[in-house]
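The values are calculated or read from the model by the stated rules, or taken from the named source; none is laboratory data. What you are looking at is a predicted structure, and each value in this text was computed from that prediction instead of being measured. Counting neighbours? That spans all protein chains shown, and the Cβs are built from the backbone with ideal geometry, glycine included.
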Amino acid sequence: MTPTIRLAERTDVPGILEIYSPFILETAVTFEETVPDEESFWKRIQEIMTELPFLVCEIDGRIAGYAYASAYRSRASYRWAKEVSVYVHPDFHRKRVAQALYTSLNEMVRYQGIADLLAIITVPNESSVAFHEQFGYRKCGEFSKVGYKLGQWQNVGWFELFLQDEAQTPKDRILTLNEITGLPIFQEAIQKGVEKLNLHKD
């Protein structure tokens, strides 16, 4: 089956939660503590996709990973900044799934008019930090003891990637996801991501 990157669908939720649940229950990667049920998680995805992409990478009929952008803060002048997250199934590590998903996501949100992406990483996490830095993210801050999980206080690092020309005034209105899905840029973004996949490396 040809690998693909596409928008998430309701039938993807079990595969997505298969990836996400161990991060909730066994790690401090996310500060969520309870695995959401499928319906509430699907509502979460639908809410995100009223504006922004929630992407899955499907390989051999399985959800290999997913990535999405979400709102940062509600004040109007924050509207060009979004948080991003990416998760990969352990069976698909070293296949460049995260890089593929971020490549597609970045192309889409850049066209929408989003300027600044923020990755929030529980630290220390050398592999995640290295991945984001290789992708162009730069550390812009750190909060200490901002969350408590797994019996200890956790620190969080903030990493950012600026997508637009800083010298230009940003678009006044962010295009919605629905406004770009029918445009050539959408399929081009998907193709750029798929081309990053490495399915021949263990």
**OP:** All but one of (1) exposed (fewer than 13 other Cβ atoms within 10 Å of the Cβ); (2) touching an Asp or Glu at 6+ places or on another chain (Cβ under 7 Å); (3) hydroxyl-bearing (Ser, Thr, Tyr) hold for TYR137, so report the exception by its number.
**Re:** (1)
Original post:
Which of the residues spanning the stretch 131-183 are out of contact with any strand residue (DSSP E or B) (no Cβ under 7 Å at 6 or more places or on another chain) and aliphatic (A, V, I, L, M)?
Top reply: LEU150, ALA167, ILE174, LEU175, LEU177, ILE180, LEU183
Original post:
Among the numbered criteria (1) under 19 Å from LEU161 (Cβ atoms); (2) within 15 Å of the chain's Cα centre (by Cα), which single criterion is violated by LYS139?
Top reply: (2)
Subject >> Yes/no for TYR102 being modelled with pLDDT of 95 or more and either part of a helix (DSSP H, G or I) or buried (at least 17 other Cβ atoms within 10 Å of the Cβ) (or both) >> reply: yes
Subject >> Single unsatisfied condition, GLN187 versus (1) part of a strand (DSSP E or B); (2) out of contact with any strand residue (DSSP E or B) (no Cβ under 9 Å at 6 or more places or on another chain) >> reply: (1)
Subject >> Residues within the stretch 137-172 that are of a type in the set (A, V, I, L, M), free of Cβ contacts under 8 Å to residues at least 12 places away in the same chain and either touching a Gly at 6+ places or on another chain (Cβ under 7 Å) or assigned to a strand (DSSP E or B) (or both), tallied >> reply: 1
**OP:** Report, by residue number, each residue of the stretch 4-58 that is within 25 Å of VAL194 (Cβ to Cβ), surrounded by 14 or more Cβ atoms within 10 Å (Cβ to Cβ) and without any contact (Cβ under 8 Å) to a residue 24 or more places away in the chain.
**Re:** ILE48
Subject >> Among (1) surrounded by 15 or more Cβ atoms within 10 Å (Cβ to Cβ); (2) modelled with pLDDT of 95 or more; (3) of a type in the set (Phe, Trp, Tyr) - the single one TRP153 does not satisfy >> reply: (1)
Subject >> Residue that is nearest to the chain's Cα centre (by Cα), among those in the stretch 156-184 that are surrounded by 15 or more Cβ atoms within 10 Å (Cβ to Cβ) and aliphatic (A, V, I, L, M) >> reply: LEU161
Subject >> Top-ranked residue of the stretch 73-95 - restricted to ones that are crowded, with 18+ Cβ neighbours inside 10 Å and in contact with a Leu (Cβ under 7 Å, 6 or more places away or on another chain), ranked as modelled with the lowest pLDDT >> reply: LYS95
Subject >> In the stretch 105-150, the residues that are among the β-branched types (Val, Ile, Thr) and modelled with pLDDT under 95 >> reply: none
Original post:
Mind checking which residues of the stretch 70-99 are small (Gly, Ala, Ser) and in a strand (DSSP E or B)?
Top reply: SER70, ALA71, ALA81, SER85
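Conditions tested, residue by residue: (1) of a type in the set (Ser, Thr, Tyr); (2) part of a helix (DSSP H, G or I).
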residue	(1), (2)
GLU18	no, yes
ILE24	no, yes
GLN46	no, yes
LEU52	no, no
CYS57	no, no
GLY65	no, no
TYR68	yes, no
Original post:
Counting only residues that are in a loop (DSSP other than H, G, I, E, B) and surrounded by fewer than 18 Cβ atoms within 10 Å (Cβ to Cβ), which one in the stretch 105-124 is farthest from the chain's Cα centre (by Cα)?
Top reply: PRO124
